[in-house]
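Chemist: Let me give you the structure first, and then I'll get to my questions.
The values are calculated or read from the model by the stated rules, or taken from the named source; none is laboratory data. Quick caveat, the model's predicted, so the values are computed rather than measured. Glycine also receives a Cβ, built like all others from the backbone with ideal geometry; neighbour counts cover every protein chain displayed. Quick note on the areas: whole protein, heavy atoms, side chains included, nothing else; ligands and nucleic acids left out. Shrake-Rupley method; radii C 1.70, N 1.55, O 1.52, S 1.80 Å.
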Amino acid sequence: MTADATGPSIFSRIVAREIPATIVAETERVIAFRDVAPQAPVHVLVVPKSELYRDVVELAAGDPALLAEMVAVAQQVASAESDGQFRLVFNTGANAGQTVFHVHGHVLSGALEESRIGS
Ligand code: 5GP
């Protein structure tokens, strides 16, 4: 959710240290912390500190350099925590599984399932 009648998003509250999270990387504009419900040996969320963009489509149009910074942080996390190889997943829209409308990428690494897109 973005800031509205319900207030800041859950991720903004993590950025503000109002709710706890295990932060694994941080830059001036991006934060990375462990997903509370991991789906892979390494499952980290990479999130812009601003909740201006709801999803990756809005972010790519509005601030492509920030999207590139998120990808660089994802690479850093995968290198620090695994073998440097990773999936970067952006659920985009409720029907695609997005539940938090503050853009974020899921960094998935480690021993991943065999399933691949296109196989
Ligand atoms: P989405 O479903 O929007 O693509 O991803 C949201 C992710 O945020 C989910 O994987 C969920 O487990 C994670 N998540 C939701 N609330 C919290 C929280 O309070 N702390 C952390 N660390 N992760 C959260």
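Chemist: Can you tally the net charge around residue 98? Count Lys and Arg as +1, Asp and Glu as -1, for every other residue whose Cβ sits under 11 Å from the Cβ of residue 98.
Modeler: On the way: positive: 54; negative: 55.
Once positives and negatives cancel, what remains is 0.
Chemist: Sticking with this structure for a sec: Roughly to the nearest percent, how much of the accessible area of the chain is carbon and sulfur, given a 1.4 Å probe? Don't skip to the end; give the middle numbers.
Modeler: Working: 3710 of 6700 Å².
That fraction is 55 percent.
Chemist: Right, something else. Under the definition of Cα pairs under 8 Å and six or more residues apart, what whole-number percent is the relative contact order of the chain? Intermediate values should be presented prior to the final figure.
Modeler: Values: 196 pairs, mean separation 34.6, N = 119.
Computed over the chain, the figure is 29 percent.
Chemist: For the chain, what is the calculated [θ] at 222 nm in deg cm²/dmol (nearest 500), taking -39500 (n - 2.57) for each run of four or more DSSP H residues and dividing by its residue count? Let's see the in-between values first.
Modeler: Numbers: 3 runs with 31 residues, N = 119.
The helix-only estimate for the chain comes to -7500 deg cm²/dmol at 222 nm.
Chemist: Moving on to the next point. Residues with beta-carbon under 13 Å from that of residue 67, excluding residue 67: net charge, scoring Lys, Arg +1 and Asp, Glu -1?
Modeler: Working: positive: 29; negative: 55, 58, 63, 69.
Around residue 67, the surrounding residues sum to -3.
Chemist: Just for the chain, what percent of DSSP beta bridges are antiparallel, to the closest 5?
Modeler: On the way: 17 of 17 bridges.
If I count the DSSP bridges inside the chain, around 100 percent turn out antiparallel.
Chemist: Okay, moving on. Give me the 1.4 Å probe accessible area per residue for the chain, excluding ligands and nucleic acids, in Å².
Modeler: On the way: 6700 Å² over 119 residues.
For the chain, the per-residue accessible area is 56 Å².
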